[in-house]
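Since the structure comes first, as structure tokens, the remarks are kept for the end.
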Amino acid sequence: MEDITNSFGTYFYPSSALVFYQSNGGLNDTYVEHFDMDSNGAPVNPHPLTISEAKRLATALNIDEDSLTQLKSDGILPNNLLSFDAKSATIIWYSKAQKRELIFSEGLGIKSGTAQIPPLVWMADRESLHVYALAINSKPTANTALHYAPFFNVYESGEVCMGTVDIKATETGSIKELMTLWENYFFNSYFSHLMADHNPVNGNCVLLWESLIGTDTMFPTDRLIKSNQKLKDILR
């Protein structure tokens, strides 16, 4: 058989080994023995693990867990990104008025389909999502007023009840991917009920969406209700 190890880009050779000994008594004592390795990869020179060797081992095994979970950009930051905190994985972005597919539960009596929705502000981390509406179809400023998102399943605070949706936001470290993931979760879940009797629009929410589904009618922003928050109140 041909030896192809020399064609590898990097060769790693054994330099030391550790053997852990543990007592079978009630004290559960542990003893660690350190071995050097000779040129043939065989363990030699056994001796108790010294303090300096333990420090070198701790340095080699040190992992910054925060850096593993931090959000990262996979290129130029999206133009609609308003704020992000890489360490807490919190992002805030906005989306302009657009037509989206909306899915309603049978209990609401609203036929699922496409409809125009208002501009939105999104705030999310890896575990939760908040959504707010805007009365203007342009990039908001810090003093732009936030309105209640005119959807079912959204609390007065803006937090979205995701129900039984299997959230897998921990599996991405990309800002853009996390934004897309949350928007897809939101629009691909069933809108089913108002939260804690919170009516997010002026008038009847069911009748409003019944009139918009299947049409090209722009969302009537005069039906939005202004909250007591501005964008600066949620910026991190």
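No lab work stands behind these numbers, since they all come straight from the coordinates. The structure displayed is predicted, hence computed values, not measured ones. Cβ placement follows ideal geometry from the backbone for every residue including glycine, while neighbour counts extend to all protein chains displayed.
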request  = Classify the range 109-236 as rounded, prolate or oblate, taking a ≥ b ≥ c as the square roots of the eigenvalues of its Cα gyration tensor: rounded when a/c is under 1.5, otherwise prolate if a/b is larger than b/c and oblate if not.
outcome  = oblate
task = Distance from a point 7 Å along Cα→Cβ of S192 to each backbone N in the range 84-107: keep the residues under 11 Å and list them by number.
result = 105-107
task = Mind checking which lysines have their Cα closer than 29 Å to the Cα of K226? Skip sequence neighbours fewer than 8 apart in that chain.
result = K96, K99, K111, K139, K176
request  = Using 0.36 nm per residue of separation minus the Cα-Cα distance, give me the extension gain between S16 and S83 in nm, one decimal.
outcome  = 19.4 nm
remark   = the chain: relative contact order from alpha carbon pairs under 8 Å, six or more residues apart, as a whole percent, is 18 percent
request  = Give the residues of the range 212-236 whose amide nitrogen is closer than 15 Å to a point set 7 Å from the Cα of E156 in the direction of its Cβ.
outcome  = 225-229
query = What angle, in degrees between 0 and 90 and rounded to the nearest 10, separates the Cα long axis of helix 51-61 from the longest principal axis of the Cα atoms of the chain?
reply = 30 degrees
message = Which residue fluctuates most in the GNM of the chain (Cα springs below 10 Å): T50, T30, T141?
response = T30
note = With T = 25 °C, eta = 0.890 mPa s and Kirkwood Rh from C-alpha pairs, the Stokes-Einstein D of the chain in µm²/s is about 110 µm²/s
